[in-house]
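Q: The structure is given below, and queries will be raised subsequently.
The values are calculated or read from the model by the stated rules, or taken from the named source; none is laboratory data. Owing to the predicted nature of the structure, the values given are computational and were not obtained by experimental measurement. Cβ sites come from the backbone with ideal geometry, for glycine too, and all protein chains shown count toward neighbours. Side chains are part of the model used for accessible areas, which takes the heavy atoms of the whole protein and leaves out ligands, DNA and RNA. Shrake-Rupley method; radii C 1.70, N 1.55, O 1.52, S 1.80 Å.
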Amino acid sequence: MYPKEATVRTQFARRDFLGAGAALVGVGAAGPLLGQQPPATAVERVKGPPVWLDMDQAELDAAYDQIKYAPNLPQITKRYASNSEAARSRLGAPRRFAYGPTAIEGLDVYATKRPNAPINVFIHGGAWRVGLAKDYAFPAELFVYAGAHLVVPDFVLVQDAGGSLMPMADQVRRAVAWVHRNAQSFGGDPNRIYVSGHSSGGHLAGVVLTTDWRKEFNLPADTVKGGLCCSGLFDLKAVRLSARSAYVKFTDEIEQALSSQRHLNSLNAPLIVAYGTLETPEFQRQSRDFAAAVKATGKPVQVLVGEGYNHFEIIETLANPYGLLGRAVLEQMKLTQV
């Protein structure tokens, strides 16, 4: 069973978020008609003082607001949910396990029939404030039919954690630790755990990949054998300066602890960093800078650029064994395309 309270709160958050997207789509659709009217007097926006790089506050806020660059957000997120439901109709309901004491601390396991199979833990996005595991089953068939388990954890949303990202980061780390310690209970190989994440989930995947597993969990340093960080955030300084600080209570401690780019000494796994060419300039820069920092350490990193994909479209390629992300992750896990 999914936590009822979490479901309700997420529905309200998603409705507000998608409503904004639908309004933007409506404006775009009206464009040609408006263009036939006498032109209004243009009001040139006065650029304010720079806040980050050459961006003023309005530009920086837009660079961390994907709806400004992806007006089809409502259609895509509905597709996540419907494609996830379709995957469950074919695979069957996932096994649900608790990885911690609170109601939200549960994870879905879409199990393959292959014994002692590798595992991919997928961490969903949603700007840290929306999303449920059940709406991110759409890549499950790719893994299951290639001979791997897909694990999708639920975790607290930032508004339900007093605005702090620390409880969320702690939960996803504990979810991975639980998978390592309990993999054999669902036919998984604890020595072949991989992590994937998208958007704010890409940020959390980076946090997982730069965890000191030996120190913090008494687990092997290479608990995670490989990772995909898609369209993520890897240094929180600029994010802290943006409008996201209205709902995330950033502190110096949080900025430092959860900026994975600052903890590459703890990275012990090959990494895939991916982003789309239609994403915001800051999301593209974050991925490029992160990959460059990893490369500078001499650690293995592969950069994938999705030509013509926006922030929300690119993760759908993970569900296709011949898609940009699906092909790359199967290769990373040494699995055969199906």
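Q: Rolling a 1.4 angstrom probe over the protein chains, ignoring ligands and nucleic acids, what is the accessible area of K295 in square angstrom, nearest 10?
A: For K295, solvent-accessible area is about 150 Å².
Q: Figure the gain on full extension for S82 and N116 (residue separation times 0.36 nm, minus the Cα-Cα span) and round it to one decimal in nm.
A: That works out to 9.2 nm of additional length.
Q: Another question, if that's okay. In the full protein assembly as shown, how much of S82 is accessible to a 1.4 Å probe, in Å² to the nearest 10?
A: Probe radius 1.4 Å; accessible area of S82 about 60 Å².
Q: Viscosity 0.890 mPa s, temperature 25 °C: what is the translational diffusion coefficient of region 202-247 from Stokes-Einstein with a Kirkwood Rh over Cα pairs, rounded to a whole number of µm²/s?
A: Rounded to a whole number, D works out at 201 µm²/s.
Q: Quick check: net charge around A177, other residues with Cβ under 15 Å of its Cβ, Lys/Arg +1 and Asp/Glu -1?
A: With Lys, Arg at +1 and Asp, Glu at -1, the neighbours total +1.
Q: If a/c stays under 1.5 just call it rounded; otherwise compare a/b with b/c (prolate if a/b is bigger, oblate if not). Do that for region 62-106, with a ≥ b ≥ c from the square roots of the Cα gyration tensor eigenvalues.
A: Cα axes put region 62-106 in the oblate bin.
Q: Of the listed values (1) 36, 24, 17; (2) 33, 23, 20; (3) 29, 23, 20, identify the label whose number matches semi-axes √(5λ) of the Cα gyration tensor in Å calculated from this model.
A: The value matching this structure is (2).
Q: Run the accessible area of the chain with a 1.4 Å probe and give the carbon-and-sulfur part as a rounded percent.
A: Carbon with sulfur: 56 percent of the solvent-accessible area.
Q: Quick one: grab Rg to one decimal and Dmax as a whole number for region 134-253, Cα atoms only, in Å.
A: Radius of gyration, then largest Cα-Cα span, for region 134-253: 15.2, 45 Å.
Q: List every DSSP H helix in the chain whose Cα atoms extend 15 Å or more along the helix's own long axis and whose mean Kyte-Doolittle hydropathy is at least -1.0.
A: 4-35, 73-91, 166-182, 281-296
Q: Taking a ≥ b ≥ c as the square roots of the eigenvalues of the Cα gyration tensor of region 219-301, is the shape rounded (a/c under 1.5), prolate (a/b larger than b/c) or oblate? Before the final figure, lay out the partial values.
A: Details: a/c = 2.16, a/b = 1.33, b/c = 1.63.
Judged from the Cα gyration tensor, region 219-301 comes out oblate (a/c at least 1.5, b/c at or above a/b).
Q: Using just the helices of the chain, give the 222 nm mean residue ellipticity in deg cm²/dmol: DSSP H runs with n ≥ 4 each add -39,500 (n - 2.57), and the total is spread over all residues, rounded to 500.
A: Computed ellipticity for the chain at 222 nm equals -12000 deg cm²/dmol.
Q: Hey, what's region 156-197 come to in accessible area per residue, 1.4 Å probe, Å²?
A: 32
Q: Give the shape of region 184-333 as rounded, prolate or oblate, defined through the alpha-carbon gyration tensor: a ≥ b ≥ c are the square roots of its eigenvalues, a/c under 1.5 means rounded, and otherwise the shape is prolate if a/b is larger than b/c and oblate if not.
A: oblate
Q: Turning to a different aspect of this structure: Filter the cross-link list K78/K299; K113/K334; K134/K299; K68/K295; K237/K334; K215/K295 down to pairs whose alpha-carbon distance in this structure exceeds 27 Å.
A: Numbers: K78/K299 37 Å; K113/K334 17 Å; K134/K299 34 Å; K68/K295 31 Å; K237/K334 36 Å; K215/K295 25 Å.
Correct reply: K78/K299; K134/K299; K68/K295; K237/K334.
Q: Further question: Test of understanding: what is the full-extension gain from N218 to R96, defined as 0.36 nm times their sequence separation minus their Cα-Cα distance?
A: That works out to 41.4 nm of additional length.
Q: How much length, in nm to one decimal, is gained on full extension between Q302 and S89, taken as 0.36 nm per residue of separation minus their Cα-Cα distance?
A: Difference between extended and current length: 73.3 nm.
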